[in-house]
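Computed from the coordinates by the stated procedures, all read-outs in this text should not be read as laboratory data. Here the structure is a predicted model, which means the values were calculated and not measured. Cβ atoms come from the backbone with ideal geometry, glycine included; neighbour counts cover every protein chain shown.
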């Protein structure tokens, strides 16, 4: 996994990959707020993160995976395998 998870970098990466400007989020956020998220000055609530992901057309887990694993496919694979193991453990314990 990445040394320091970066939601800010993940948001900026996905936004740019989708070809979206900060203004494209005007229905759910101000450009100033989005800019502060991308500069790691603020942290979104789960509700706001979901709204941002809807604009970017990605699942929130995709964004969080990118934040924790970065762009390395190897890191992504390891992280997703860990999540699967943990979900199975939780499901079997309940």
**Asked** Angle, helix 46-56 long axis vs. longest principal axis of the chain, Cα atoms, 0 to 90°, nearest 10?
**Response** 70 degrees
**Message:** How tilted is helix 73-93 with respect to the longest principal axis of the chain? Cα atoms for both, answer in degrees (0 to 90, nearest 10).
**Reply:** 60 degrees
**Request:** Can you tell me the 0 to 90 degree angle between the C-alpha axis of helix 7-17 and the longest principal axis of the chain, rounded to 10?
**Result:** 70 degrees
**Prompt:** Calculated from the structure, semi-axes √(5λ) of the Cα gyration tensor in Å equals which of (1) 41, 12, 9; (2) 26, 15, 12; (3) 23, 14, 12?
**Reply:** (2)
**Fill in**
Footprinting proxy, 56, 46: sorted fewest to most Cβ within 10 Å, the residues are 46, 56
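Which order, highest average first, do 32-43, 17-28, 60-71 follow once you tally other Cβ atoms within 10 Å for each residue and take the mean per peptide?
Taking the mean over residues of other Cβ atoms within 10 Å, the ranking is 60-71, 32-43, 17-28.
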